[in-house]
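**Student:** Just passing along the structure, written as structure tokens.
The values are calculated or read from the model by the stated rules, or taken from the named source; none is laboratory data. Everything numeric in this text was worked out from a predicted model, so none of it was measured. Neighbour counts are summed over all protein chains in view; Cβ atoms, including those assigned to glycine, are modelled from backbone coordinates with ideal geometry.
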Amino acid sequence: MTTLITGGSKCGKSRFAESLLLSHSGQRRYLATMQPFGADAERAIARHREMRAGKGFSTTEQYTDLHRLMLPPHCGVLLECLCNLTANEMFREDPAPDVLRHIMRGIRHLQLQAEQLVIVTGQVGSDGIRYPAETDAYIALLGAVSRETAALADAVYECVYGIPVLLKGAASC
């Protein structure tokens, strides 16, 4: 079962994503994609670690190349998040020739291994602001990654003010 969760900044996506995996009877793996660059990133990482404390998640930091990751059988995986993963893959020193295909290969690899896969993404670029070309390219790529992931997912939710709204599939909780 693959579930994609989207929404704006600080709207409850992570809390809802975690709640979907709490009933998973196998190992729970938190797949962290945020690289700890700077104080803001460190604070966000600390906040997410605090949210997960005592919930039985083991953390794996995997910033790029999801297709290389080997997971334990029958595990539940929370991939947090496509926004960071996309930036990491796009702006790395040696990006893949087709970054979209590279990311999707990794997501399909996780789907094959995880009994339950919950993926968090974010809605960026809908603020009406004109960005530099490089940022526009990132927003476009993230949109494509999120669309393709939604197509692969069994269920898609949008979190709005802390309320998960089912957009596709059957309710998971």
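**Student:** Regarding segment 86-104, can at least one residue be identified that is surrounded by 13 or more Cβ atoms within 10 Å (Cβ to Cβ), assigned to a loop (DSSP other than H, G, I, E, B) and touching a strand residue (DSSP E or B) at 6+ places or on another chain (Cβ under 9 Å)?
**Tutor:** No, segment 86-104 contains no residue that is surrounded by 13 or more Cβ atoms within 10 Å (Cβ to Cβ), assigned to a loop (DSSP other than H, G, I, E, B) and touching a strand residue (DSSP E or B) at 6+ places or on another chain (Cβ under 9 Å).
**Student:** Something else: Are there any pairs, at least 6 apart or on different chains, whose C-beta atoms fall under 8 Å, with the first in segment 11-32 and closer than 21 Å to Asn84 by Cα and the second of a type in the set (Phe, Trp, Tyr) and at pLDDT 95 or above, and if so, which?
**Tutor:** If the second residue must be of a type in the set (Phe, Trp, Tyr) and at pLDDT 95 or above, the pairs left are Phe16/Tyr157.
**Student:** I would also like to ask the following. Pick from segment 12-33 the residues that are within 22 Å of Met70 (Cα to Cα) and hydroxyl-bearing (Ser, Thr, Tyr): which of them is modelled with the lowest pLDDT?
**Tutor:** Ser25
**Student:** Quick test for you: out of His74, His102, pick the one residue that is more than 14 Å from the chain's Cα centre (by Cα) and modelled with pLDDT under 95.
**Tutor:** Answer to the selection: His74.
**Student:** Taking Glu93, is it over 15 Å from the mean Cα position of the chain (by Cα) and of a type in the set (Asp, Glu)?
**Tutor:** It is true that Glu93 is over 15 Å from the mean Cα position of the chain (by Cα) and of a type in the set (Asp, Glu).
**Student:** Would it be correct to say that Glu18 is touching a helix residue (DSSP H, G or I) at 6+ places or on another chain (Cβ under 8 Å) and not in a strand (DSSP E or B)?
**Tutor:** yes
**Student:** Counting just the residues of segment 134-158 that are among the acidic types (Asp, Glu) and out of contact with any strand residue (DSSP E or B) (no Cβ under 8 Å at 6 or more places or on another chain), which one comes out surrounded by the fewest Cβ atoms within 10 Å (Cβ to Cβ)?
**Tutor:** Glu134
**Student:** Any residue at all in segment 56-74 that is acidic (Asp, Glu), at positive phi and surrounded by 14 or more Cβ atoms within 10 Å (Cβ to Cβ)? Before you say what the answer is, go through the steps one by one.
**Tutor:** Filtering segment 56-74 for residues acidic (Asp, Glu) gives 61, 65.
Those still in the list that are at positive phi too: 65.
Among the residues that remain, those that are also surrounded by 14 or more Cβ atoms within 10 Å (Cβ to Cβ) are: 65.
The answer is yes; a qualifying residue exists.
**Student:** Here's a follow-up. Considering Tyr161, Tyr131, which residue is out of contact with any strand residue (DSSP E or B) (no Cβ under 6 Å at 6 or more places or on another chain), under 26 Å from Lys55 (Cα atoms) and either among the hydroxyl-bearing types (Ser, Thr, Tyr) or modelled with pLDDT under 95 (or both)?
**Tutor:** Sole residue among the options that is out of contact with any strand residue (DSSP E or B) (no Cβ under 6 Å at 6 or more places or on another chain), under 26 Å from Lys55 (Cα atoms) and either among the hydroxyl-bearing types (Ser, Thr, Tyr) or modelled with pLDDT under 95 (or both): Tyr161.
**Student:** Something else: Scan segment 48-65 and give yes if some residue there is part of a loop (DSSP other than H, G, I, E, B), among the hydroxyl-bearing types (Ser, Thr, Tyr) and touching a residue at least 12 places away in the same chain (Cβ under 8 Å), otherwise no. Write out each step before concluding.
**Tutor:** We begin by selecting, within segment 48-65, every residue part of a loop (DSSP other than H, G, I, E, B); these are 53-56, 62-65.
After this cut, where a residue has to be among the hydroxyl-bearing types (Ser, Thr, Tyr) as well, the list is 63-64.
Adding the requirement that they be touching a residue at least 12 places away in the same chain (Cβ under 8 Å) leaves 63-64.
There is at least one residue in segment 48-65 that is part of a loop (DSSP other than H, G, I, E, B), among the hydroxyl-bearing types (Ser, Thr, Tyr) and touching a residue at least 12 places away in the same chain (Cβ under 8 Å).
**Student:** For segment 69-78, does any single residue satisfy the condition of being touching an Asp or Glu at 6+ places or on another chain (Cβ under 7 Å), over 25 Å from Lys10 (Cβ atoms) and touching a residue at least 40 places away in the same chain (Cβ under 8 Å)?
**Tutor:** yes
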